[in-house]
């Protein structure tokens, strides 16, 4: 095994969170930084395989998801500035979240309170009656709805690449086609064993930041961390709507979630920035983070994935009748597009199975579980000379720039990073580390 030079910091993962961490660290410090990405390009997986919706945090309870809500609220203006500077898509189409029951209507009232607490202006949203919804979206039928007027459709893959292009210093490096095999950690740093372009190589770093998305827990387990957590992977699938019908709806249409303790998303209608319209998703249980077809990874089967330790949290779900029933229902919607159309007809009654022309994109979400069930929040675990960001799911892409500031600030406070050199971001405007850090503490909006 050949060994490369030693780096001060190694970041594993070239997705939207890895890009955000790389941006801030290389902008603010003069240390040597290497970003390790296993694919031939950045943003290949979850960062590109998503709805592309930049969510305003109206649906996030600030008493339970404070950091997530603040990250999403603050990052909105950051993404907007980067999109305009880079020519990336930015379609401010808005989102209507429909209520289908009296209980759903109560949720809309909570959304109003949370929106204001999360920094949105009263001009950014409104609660609509069913008649008002039909007035702006005639194909949508519901009892009422929450209208988030400034939600945006974009392409997070394009934004991630634009962020990388505006990051880096004279000592930084991005290496692709680099698959991490194992990491040895001691008090002085880490030795990362990986295969780069078919050659086994050792990369030495004083600090490792694990932002590997769907593979992050596997890396953490390999280093002896996060032993109480397991992960289950769910593929979300979408169907494309023919233009003749899709063109009748201009906004994103969501519905109030029914199964909040599980990662089963209620179906929605997406207006993509490129003009395509899609409905979905389901949540099909699969055997790995990149299983975009079928149920098993190329190098194994779903059973071996489900049997990976720790097994106890998974066994708890196996004996949960509600969970097993939902898994069965999600598989059905994968096999039959008529089942997906049936779900969406609850609030878009005119959509017919024949209007679904072909399969759209599919993405995979890795959801952490412990003995209590599914873990609702992102987890940050600190090792001797490593930091592991786990369970960073939706609306993770929306909040990534500000959430990365939050992580870097925690690392400074815990002594993993020295004082910043007070360099500046290569993106002007709101991309100011200190101001974002203050906003994350105060809860004010950057918009």
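Might you let me know whether region 61-71 holds any residue that is in a helix (DSSP H, G or I), outside the structural domain of residue 162 (by TED's automatic domain parsing) and either farther than 13 Å from residue 163 by Cα or modelled with pLDDT under 95 (or both)?
No, every residue in region 61-71 fails to be in a helix (DSSP H, G or I), outside the structural domain of residue 162 (by TED's automatic domain parsing) and either farther than 13 Å from residue 163 by Cα or modelled with pLDDT under 95 (or both).
It is to be established whether one or more residues within region 370-378 are touching a residue at least 12 places away in the same chain (Cβ under 8 Å), touching a strand residue (DSSP E or B) at 6+ places or on another chain (Cβ under 6 Å) and crowded, with 23+ Cβ neighbours inside 10 Å.
First, pick out the residues of region 370-378 that are touching a residue at least 12 places away in the same chain (Cβ under 8 Å): 370-371, 373-378.
Now restrict to residues that are touching a strand residue (DSSP E or B) at 6+ places or on another chain (Cβ under 6 Å): 374-375.
Then drop every residue that is not crowded, with 23+ Cβ neighbours inside 10 Å, which leaves none.
No, that holds for no residue.
If the requirement is being in contact (Cβ under 8 Å) with a residue 60 or more places away in the chain, assigned by TED's automatic domain parsing to the domain that holds residue 364 and within 18 Å of the chain's Cα centre (by Cα), which of these qualifies: 270, 249?
Numbers: 249 fails: within 18 Å of the chain's Cα centre (by Cα).
Unique residue meeting the criteria: 270.
Within region 349-369, take every residue that is touching a helix residue (DSSP H, G or I) at 6+ places or on another chain (Cβ under 9 Å) and crowded, with 17+ Cβ neighbours inside 10 Å and give me the one that is farthest from residue 51 (Cα to Cα). Checking each candidate, the answer is 369.
Tell me whether region 172-191 contains one or more residues that are without any contact (Cβ under 8 Å) to a residue 12 or more places away in the chain and surrounded by fewer than 19 Cβ atoms within 10 Å (Cβ to Cβ). Don't jump to the end; show me each part of the working.
Taking region 172-191 as the starting set, the residues that turn out to be without any contact (Cβ under 8 Å) to a residue 12 or more places away in the chain are 184.
Those left that are additionally surrounded by fewer than 19 Cβ atoms within 10 Å (Cβ to Cβ): 184.
Checked region 172-191: at least one residue is without any contact (Cβ under 8 Å) to a residue 12 or more places away in the chain and surrounded by fewer than 19 Cβ atoms within 10 Å (Cβ to Cβ).
Taken as a whole, region 439-446 holds no residue that is on the phi > 0 side of the Ramachandran plot and without any contact (Cβ under 8 Å) to a residue 60 or more places away in the chain.
Of all residues in region 313-334, none are modelled with pLDDT of 85 or more, in contact with a strand residue (DSSP E or B) (Cβ under 6 Å, 6 or more places away or on another chain), farther than 29 Å from residue 230 by Cα and not assigned by TED's automatic domain parsing to the domain that holds residue 101.
Tally up the residues in region 114-135 that are surrounded by fewer than 14 Cβ atoms within 10 Å (Cβ to Cβ) and in a helix (DSSP H, G or I), please. Reasoning before the result, please.
Step one: list which residues in region 114-135 are surrounded by fewer than 14 Cβ atoms within 10 Å (Cβ to Cβ), which gives 121-123, 126, 129, 131, 135.
If we keep only those that are in a helix (DSSP H, G or I) too, we end up with 122-123, 131, 135.
So the count comes out to 4.
Residues are listed down the side, and each one gets a yes or a no for (1) more than 20 Å from residue 15 (Cα to Cα); (2) without any contact (Cβ under 8 Å) to a residue 40 or more places away in the chain:
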| position | (1), (2) |
| --- | --- |
| 81 | no, no |
| 91 | yes, no |
| 108 | yes, no |
| 130 | yes, yes |
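Scanning region 35-73 for residues that are more than 16 Å from the chain's Cα centre (by Cα) and in contact (Cβ under 8 Å) with a residue 40 or more places away in the chain yields a count of 12. Among the residues of region 89-121, which ones are more than 24 Å from the chain's Cα centre (by Cα) and within 12 Å of residue 150 (Cβ to Cβ)? Selection gives 121 alone. In summary, residue 213 fulfils each of the numbered conditions (1) surrounded by fewer than 16 Cβ atoms within 10 Å (Cβ to Cβ); (2) in the same structural domain as residue 428 (by TED's automatic domain parsing); (3) within 26 Å of residue 257 (Cβ to Cβ) with the single exception of condition (1).
Matching residues to (1) at pLDDT 95 or above; (2) in a strand (DSSP E or B); (3) surrounded by 23 or more Cβ atoms within 10 Å (Cβ to Cβ); (4) touching a helix residue (DSSP H, G or I) at 6+ places or on another chain (Cβ under 6 Å):
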site: 5; (1), (2), (3), (4): no, yes, no, no
site: 11; (1), (2), (3), (4): yes, yes, yes, yes
site: 14; (1), (2), (3), (4): yes, no, yes, no
site: 22; (1), (2), (3), (4): yes, no, yes, no
site: 26; (1), (2), (3), (4): no, no, yes, no
site: 35; (1), (2), (3), (4): yes, yes, yes, yes
site: 40; (1), (2), (3), (4): no, no, no, no
site: 58; (1), (2), (3), (4): yes, no, yes, yes
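The values are calculated or read from the model by the stated rules, or taken from the named source; none is laboratory data. Please read all numbers here as calculations on a predicted model, not as lab measurements. Cβ atoms come from the backbone with ideal geometry, glycine included; neighbour counts cover every protein chain shown.
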